[in-house]
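What follows is a set of notes on a single structure, which appears directly below.
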Amino acid sequence: MNDVAVITGAASGIGGATVRRLLGKGYKVLGVDTARMEETEDLGWVTGDVSAASTWQAVDEALTRRDWQPSALVVAAAYLEVGNVLQLSDDAWAKTIGVNLMGLVFSVRCVLPGMIKRGRGSVVTIGSIDSYMAEQGLVSYCSSKGAILQFTRALAMDHARQGVRANCVSPGVTDTPFFRRHLATAKDPETFLRGREQRNPIGRLLDPDEVASTVVYLLSDDASGMTGANLVVDGGLTVGFDFRTGAGGD
């Protein structure tokens, strides 16, 4: 029987790239997103908000209908609002924590019992370099991403003896629709974009597929010895204090 993966944020960006890679490796995939994708024999779909319990009821029903038993979970759905703690409304905080953290909690609750029953499962969460570094004007996003990293570590500790692994991938600036929406909020989007590219040692934004390849590795048996890990995929952005073009022989 093919491995089955549930992927949130599956319609685009890192989630979408992961869907394509896993389908190419013979997985059956159930995607979850607010956007809708066409279903196939190997791709099921649930349209809904990951922070809503009704969405996860629909996921459970879709898995039962197809007789799919997930061995993999990728949590890529995310939400971001720009503002400091005095600027963000209660609704903004609730939405950010609801999607980024509670969406993770609900997704794990949905698939973890089956993984434990079968003694096998791999969970990969999408954190961020903002999981452990601060960024101005993104206090709610940074808070939620920090929580994702710690949730993943605790999940790994709690369920390692039951055959379930949990790891986090923390991307740097990645060229996704999510980032492009953030970019649009800048006073000067072109200058903001050039700055993000030049700050990065590789001189560009990451492609979602570059992050998805790390996700797929962590799901695989090649990473069987890894749980509670955080793999940073950021093009070298957080390696040093500063990067200057022309320094060090560039």
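Quick notes on this one:
- Residue count for segment 34-54, restricted to those that are in contact (Cβ under 8 Å) with a residue 24 or more places away in the chain and either touching a Ser or Thr at 6+ places or on another chain (Cβ under 9 Å) or over 15 Å from Thr8 (Cα atoms) (or both): 6
- For Phe178, the criteria (1) surrounded by 13 or more Cβ atoms within 10 Å (Cβ to Cβ); (2) farther than 13 Å from Ala78 by Cβ hold in every case but one, which is (2).
- When we screen Asp209, Asp130 for residues that are of a type in the set (D, E, K, R), under 16 Å from Leu231 (Cα atoms) and touching a Cys at 6+ places or on another chain (Cβ under 7 Å), the only hit is Asp130.
- Qualifying residue in segment 200-211 (condition: at pLDDT below 95, touching a Leu at 6+ places or on another chain (Cβ under 9 Å) and of a type in the set (S, T, N, Q)): yes
- Of all residues in segment 131-165 being charged (D, E, K, R) and either assigned to a helix (DSSP H, G or I) or at pLDDT 95 or above (or both), the one that is farthest from His182 (Cα to Cα): Arg161
- Taken over segment 181-219, the criterion of being touching a Pro at 6+ places or on another chain (Cβ under 9 Å), surrounded by fewer than 20 Cβ atoms within 10 Å (Cβ to Cβ) and closer than 23 Å to Gly137 by Cβ is satisfied by Leu183 alone.
- Pair list, Cβ under 7 Å, 6 or more apart: segment 80-102 residue without any contact (Cβ under 8 Å) to a residue 60 or more places away in the chain, other residue of a type in the set (Lys, Arg): Asn100/Lys145
- Of all residues in segment 149-171, those satisfying the criterion of being surrounded by fewer than 24 Cβ atoms within 10 Å (Cβ to Cβ), among the aliphatic types (A, V, I, L, M) and touching a strand residue (DSSP E or B) at 6+ places or on another chain (Cβ under 8 Å) are Leu149, Leu155, Ala156.
- Checking segment 77-91 against the condition returns a match, with at least one residue being closer than 26 Å to Asp3 by Cβ, buried (at least 17 other Cβ atoms within 10 Å of the Cβ) and in contact with a helix residue (DSSP H, G or I) (Cβ under 8 Å, 6 or more places away or on another chain).
- Of the strands (runs of 3 or more DSSP E) contained entirely in segment 1-75, those carrying at least 1 residues that are of a type in the set (Asp, Glu) fall at 28-33.
- Filtering segment 149-163 to residues that are at negative phi and either free of Cβ contacts under 8 Å to residues at least 60 places away in the same chain or touching a His at 6+ places or on another chain (Cβ under 9 Å) (or both) leaves Gln150, Phe151, Ala154, Leu155, Asp158, His159, Arg161, Gln162.
- Checked against (1) out of contact with any Lys or Arg (no Cβ under 8 Å at 6 or more places or on another chain); (2) at pLDDT 85 or above; (3) not in a helix (DSSP H, G or I), Gly235 meets all criteria but (1).
- The single condition among (1) in contact with a Gly (Cβ under 9 Å, 6 or more places away or on another chain); (2) of a type in the set (S, T, N, Q); (3) buried (at least 22 other Cβ atoms within 10 Å of the Cβ) that Asn100 does not meet is (1).
The values are calculated or read from the model by the stated rules, or taken from the named source; none is laboratory data. Bear in mind that the values here come from a model prediction, so they are computed numbers and not experimental data. Positions of Cβ are generated from backbone atoms using ideal geometry, with glycine treated the same way; all protein chains shown enter the neighbour counts.
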